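Below: the structure, in structure tokens.
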Protein chains: 2
Amino acid sequence: MTDKANRFVSPDNHLLHLITETNPSLFDEYDLKKSGLCLLDWAAVAVAGSREPCAKILLDHAQQEGGEAQSTLIGTGKCGTARQAALFNGTAAHAHDFDDTYPAIPAHTTVPVASAVWAAAERDGRTGLEIITSVITGIEVICRLGLALCPDHYRRGWHASATLGAIGASAACAKLHGLKGKTIMDALELAACRAAGTKAAFGSMAKPLQLGQAAALGLESADLAQRGFTSSKRVLNAADGFYALHSNDFSDAPLKKPLGGEFHIHGNHFKYHASCFLTHGAIEAAKTFFADNGGHPPTSIKQIHVCGHPELLKVCDNPGPQTGLAAKFSVQFCVALALTGKDTSALSTFGKHLTRDSELRNLMNKTTLEASANLNHEEAEVTFSLKDESTTKIFGEPVSSTEPDEERPAIEAKARSLCEPVVGKEGTSKLIQLFSALQTLDHIPDYSGL
Amino acid sequence: MTDKANRFVSPDNHLLHLITETNPSLFDEYDLKKSGLCLLDWAAVAVAGSREPCAKILLDHAQQEGGEAQSTLIGTGKCGTARQAALFNGTAAHAHDFDDTYPAIPAHTTVPVASAVWAAAERDGRTGLEIITSVITGIEVICRLGLALCPDHYRRGWHASATLGAIGASAACAKLHGLKGKTIMDALELAACRAAGTKAAFGSMAKPLQLGQAAALGLESADLAQRGFTSSKRVLNAADGFYALHSNDFSDAPLKKPLGGEFHIHGNHFKYHASCFLTHGAIEAAKTFFADNGGHPPTSIKQIHVCGHPELLKVCDNPGPQTGLAAKFSVQFCVALALTGKDTSALSTFGKHLTRDSELRNLMNKTTLEASANLNHEEAEVTFSLKDESTTKIFGEPVSSTEPDEERPAIEAKARSLCEPVVGKEGTSKLIQLFSALQTLDHIPDYSGL
């Protein structure tokens, strides 16, 4: 730590230090490659989401509003103002709930940050390395705030991806804009005093809208701060400020961690099942059971007992989902899918038709849930009891590689699966190429015609 | 109550019933006149606020974005999209913190609702009576929700004008759009899951921005719901929903109150001092003392003891404000102004220059504060102790007439004082005329050139 750094003592000043001092000299190959993968994954889920009803409505609304063609509404061939693009891309990218996740909060970190940064970078002509730097900064802010406010923040009902996402997006855009000192804090405070999002919206179009809103709010806050809009330094820290209103167990230790270690973007997990991340451990356990039994649908099952993190039961206990969106938040449904060999990575699997499937319904009726505080958000222990009275207990956790080079083929395959039906093989290849070369680009090329 | 009405049993359904059933046949002369006065007062504070730095920045930002000329940015001669107008007008109208207030929550109710409704009504060509109906509906929603969530909601730090303002604005726009049933609830839920605003922002530009944001969010939510954007019915009522996240003492009784009695717009208080409404009781007491002493600056004062509602001490205890905005939230400063015969209704009084005035500083140094739970938000009891050991205790509360006809001259005078420096005498007269004839208008005339 330099002398300059030591001047930063309050939680606010630690955030300011982090945003000011993060720069490419602190990045290793891992950071650069991981951020490129996160952005490719983000663009791919946005392309796929651009055809969902929630995105189509936002597109129509933006077209009625009009405005300068500042930034691309991904996957539509259309442009809009940077704010419209941030709102649209953030919503579209979360429409399938298939974007990356930082499990410990838990929060989706790339969508709010990248949706804001990308829209601003297109408008303002920023370089690929500036985009990467801003995205790593924004994700770092979300994760540190998340660790400072959790578990209470998420547990009691705040949708951390949206609340902290707005602040992270404002930090990322403040970094992209090159703001300094108090102006950076103004951006953060303007976002924090207006940031919102609740878990009660899960399973509806309002959930992705909350992430689009976080991106738009973060971008707008940084834009306004750049123009001289000021705030109050009380917004984050005061007794009636963001921290106090959003958690009972705020600790500033995660904010104080010195720069120079591993950036939190390392811990982003990519999703390979198109359902809530909390269901992934149980899905992996059920997939293992299915494979261990020779890939046959388990007719001999008497009972399935899922032991998971308490949040799993709060968010994903739905024994009879009626819609595809609701099915993504039904661990009973997700386990039944995996037990019958269905493709849990395919968007089409989470359609209304399968919620009525009698085989799945039968398995869902046999599923019981139990909360265990000993498990992490992303883990589950599933016990399968058969009619012959034998039982098998399997621990499941999301599959994820620690090396971006090893994970790249899977992310590119996911991108192809998501994008090709929407923008074709050639368009998808262009997209993959764009993000593999991102750090060398001096501006974002025109990709609106994809 | 009709049979149809009796089907409404949950808190959500009471809100839905209220929004669906409110119509002009339920309004008496008081409602029509009071809403016209509220809208005139709103437009006047917006015109005055349009020249403040926060508004100028939003205007510049909107002009860079571009967009269809759907609605007027009041006082600027410019138009923008309806969302830009709602954001701008809501922020400008609260820039001086001089807009009307419902004391029991407390919350500024007209600004978020009228800013959203007016922008939508201009864009969509609505009648004056439709505007009035929507505004009365939106204010009713804010007040009922406020009474259901308070005192805990405001006490712990939420800026009710912004949080409940967003929901009220969405209700008002849903009414204006003629939405029905579940679509109305979608609008409310899309606003509620994204509504925010904290008291920690008081005394800074972020405070009025929170009201502009509430208006923009309410309008956007109703627009999206109209286009088929849906939400979750859990957003308001669930254990992780809006009510639970925003209050420890939610009661649905205020939501259940049958329609047909007095609308809550009756209880809106107009502000005649350009400072936080919580300071008004103390100002009135000090004004009385000044008048009782022949209008002389009180050189013989030894001590001033202000006893007020606990919120007064939380929000307005500032013995040394450094800026005009901060001075509006310093009860010490406000009392000193009144004790020296300064014009507390003039915007220019709350400038940086007077925060350095030695006579005022001297009086502020003699002022002590005490909280009393026996007083309402808008009341204060001030004890003046003189050097001759005599003391005088004076009770103060905001001056407000119960009859719109009696209050109209004061509101028109306030409008002239606020608007003439900005849009001239003729423009101000046009504005006053516009709102006095509002209920007879079949559309909003072009007033952008004011």
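The values are calculated or read from the model by the stated rules, or taken from the named source; none is laboratory data. Nothing here was measured: the structure is a model prediction, and the numbers come from that model. Backbone-built Cβ (ideal geometry, glycine too); neighbour counts: all protein chains shown. When the accessible area is computed, the model is the full protein with side chains, heavy atoms only, and any ligands, DNA or RNA have been set aside. Shrake-Rupley method; radii C 1.70, N 1.55, O 1.52, S 1.80 Å.
Identify the trypsin sites (Lys or Arg not before Pro) of the stretch A:131-198 meeting these criteria: DSSP loop state and at most 13 other C-beta atoms within 10 Å of the C-beta.
A:Lys180
Running a GNM on chain B with Cα contacts under 10 Å, which residue among B:Leu15, B:Leu224, B:Leu209 ends up with the highest mean-square fluctuation?
Of B:Leu15, B:Leu224, B:Leu209, the Gaussian network model singles out B:Leu224 as fluctuating most.
Give me the one-decimal nm value for the distance between modelled label points at A:Phe395 and B:Ser358, 7 Å along each residue's Cα-to-Cβ direction.
Result: 7.6 nm between the two label points.
If you keep only loop residues by DSSP, which GluC sites (Glu not before Pro) in the stretch A:361-450 have at most 11 other Cβ atoms within 10 Å of their Cβ?
Passing both the DSSP loop test and the Cβ count: A:Glu389.
Using a loss threshold of 50 Å², tell me which positions in the stretch B:181-195 are less accessible in the complex than in their chain alone. Probe radius 1.4 Å, ligands and nucleic acids ignored.
B:Cys193, B:Arg194
For a quick size check, give me the Cα extents of the stretch A:346-450 along its three principal axes, largest first, whole Å.
The Cα atoms of the stretch A:346-450 stretch 62, 34, 22 Å along their principal axes.
Given a Förster distance of 35 Å, report the FRET efficiency between A:Arg155 and A:Leu259 from their Cβ-Cβ distance, rounded to the nearest 0.05.
0.75
What percent does the relative contact order of the stretch A:121-183 come to when contacts are Cα pairs within less than 8 Å and at least six residues apart?
Values: 40 pairs, mean separation 30.1, N = 63.
Averaging sequence separation for qualifying contacts and normalising by length gives 48 percent for the stretch A:121-183.
Compute the relative contact order of chain A as a whole-number percentage, counting only Cα pairs closer than 8 Å that sit 6 or more residues apart in sequence. Before the final figure, lay out each step's value.
Numbers: 940 pairs, mean separation 90.0, N = 450.
Once divided by the residue count of chain A, the mean separation gives 20 percent.
Cα to Cα, under 19 Å, and not fewer than 8 places away if on the same chain: which lysines meet these conditions relative to B:Lys56?
Cα-Cα hits under 19 Å: B:Lys78, B:Lys207.
Give the angle, between 0 and 90 degrees and rounded to the nearest 10, that separates the Cα long axis of helix B:206-226 from the longest principal axis of the Cα atoms of chain B.
In chain B, helix B:206-226 runs at an angle near 10 degrees to the longest axis.
If the limit is 25 Å between Cα atoms, which of A:Lys182/B:Lys352; A:Lys233/A:Lys314; B:Lys328/B:Lys414 go over it?
Among A:Lys182/B:Lys352; A:Lys233/A:Lys314; B:Lys328/B:Lys414, the Cα-Cα distance tops 25 Å for A:Lys233/A:Lys314.
Measure off 7 Å from each Cα along the Cα-to-Cβ vector at A:Ala413 and B:Asp317, then give the distance between these two points in nanometres to one decimal.
6.3
Longer than 30 Å from Cα to Cα, which of A:Lys34/A:Lys287; A:Lys34/A:Lys256; A:Lys175/A:Lys425 are they? Say none if no pair is.
Pairs exceeding the cut-off: A:Lys175/A:Lys425.
Determine the shape class of the stretch A:310-404: with a ≥ b ≥ c the square roots of the Cα gyration tensor eigenvalues, call it rounded for a/c under 1.5, and otherwise prolate if a/b is greater than b/c, oblate otherwise. Could the numbers behind the result be given before it?
Details: a/c = 1.43, a/b = 1.10, b/c = 1.30.
The shape class here is rounded.
Round to the nearest 10 and give me the degree value, 0 to 90, for the angle of helix B:53-65's Cα axis relative to the longest principal axis of chain B.
Tilt of helix B:53-65: around 30 degrees.
Among B:Leu312, B:Leu164, B:Leu375, determine the one that fluctuates most according to a GNM of chain B built with springs between C-alpha atoms less than 10 Å apart.
So, out of B:Leu312, B:Leu164, B:Leu375, the one fluctuating most is B:Leu375.
Just how much of B:Leu418 is accessible, in Å², when a 1.4 Å probe is used and the result is rounded to the nearest 10?
For B:Leu418, the solvent-accessible surface is approximately 10 Å².
With r as the distance between the Cβ atoms of B:Glu403 and B:Thr440 and R0 = 22 Å, compute the FRET efficiency 1/(1 + (r/R0)^6) and round to 0.05.
0.55
Compute the relative contact order of the stretch B:277-396 as a whole-number percentage, counting only Cα pairs closer than 8 Å that sit 6 or more residues apart in sequence.
42
Could you work out how far apart the two model spin labels at B:Ala346 and A:Asn248 are, taking each label as a point 7 Å from the Cα in the direction of the beta carbon, and quote it in nm?
A separation of 5.2 nm, rounded to one decimal place.
Percent of accessible area on the protein assembly as shown owned by carbon and sulfur, 1.4 Å probe?
Carbon and sulfur: 50 percent of the exposed surface of the protein assembly as shown.
Build a GNM of chain A with springs between Cα atoms under 10 Å: which of A:Asp317, A:Asp292, A:Asp124 gets the top mean-square fluctuation?
A:Asp292
Mean residue ellipticity at 222 nm from the helices of chain A, using -39,500 (n - 2.57) per DSSP H segment of n ≥ 4 over the full residue count, to the nearest 500 deg cm²/dmol?
Helix contribution divided over all residues of chain A: -17000 deg cm²/dmol.
Once you have a ≥ b ≥ c as the square roots of the Cα gyration tensor eigenvalues for the stretch A:18-156, tell me rounded if a/c is under 1.5, and otherwise prolate or oblate according to whether a/b is larger than b/c. Numbers along the way, then the final one.
On the way: a/c = 1.96, a/b = 1.35, b/c = 1.46.
It is oblate, given that a/c is not under 1.5 and a/b is not larger than b/c.
Taking amide hydrogens as modeled 1.01 Å from N in the peptide plane, which residues meet the under 5 Å criterion relative to A:Leu441, leaving out close sequence neighbours?
A:Gly128, A:Leu129
How far is helix A:82-94 tilted off the main Cα axis of chain A, in degrees rounded to 10, range 0 to 90?
Here the helix axis deviates by roughly 20 degrees.
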